[in-house]
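The values are calculated or read from the model by the stated rules, or taken from the named source; none is laboratory data. Just so it is clear, the structure is predicted and the values come from calculations on it, not from any experiment. Reconstructed Cβ throughout: ideal geometry from the backbone, glycine too, with neighbour counts over all protein chains shown. Remember, those area values only see protein heavy atoms, side chains included, never the ligands or the DNA or RNA. Shrake-Rupley method; radii C 1.70, N 1.55, O 1.52, S 1.80 Å.
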Amino acid sequence: MPYRLLADLLVLFHLGFVLFVVLGGLLVLRWPRLAWVHLPAAAWGAWVEFSSTVCPLTPLENHLRRLGGEAGYSGGFIAHYLLPVLYPAGLNPRVQVVLGIFVVLLNVAAYVAVWRRKRRSDGSDRSD
């Protein structure tokens, strides 16, 4: 029983991490210092997508599920939990690259907005 609970908690953490990777740049608009945490997380998330690597949290979840008497699953977290909702046809390397590009572009746009706001507040946009 505790292994199943740990696996379920790990899924929640993993989902939170994925959401932070995708949408964290928007949080940085409000709390710019969060960039120190978000940038490495976003880089990791993009690398996992671009390289078709399985996040280490997925095998850990599968291990906990097996210890709890459940069957694990093959593939990655996104393929198992998110893609059935978003893409019923399934995950392939092309979709992973598209997802990675989306993450990068969304966050670049958010960071450009933060950078522009910072420049305006510093007064460095003035032409003297």
message: Which residue is modelled with the highest pLDDT, if the candidates are limited to region 40-62 and must be under 11 Å from the mean Cα position of the chain (by Cα) and open to solvent by 40 Å² or more (accessible area, probe 1.4 Å)?
response: PRO40
statement: Checked pairs for region 23-38, first farther than 17 Å from VAL103 by Cα and open to solvent by less than 90 Å² (accessible area, probe 1.4 Å), second of a type in the set (Lys, Arg) and in a helix (DSSP H, G or I), C-beta under 9 Å and 6 or more apart or across chains, list as PRO32/ARG117; PRO32/LYS118
field: Filter result for LEU12 (assigned to a helix (DSSP H, G or I) and either at pLDDT 85 or above or exposed (fewer than 14 other Cβ atoms within 10 Å of the Cβ) (or both))
entry: yes
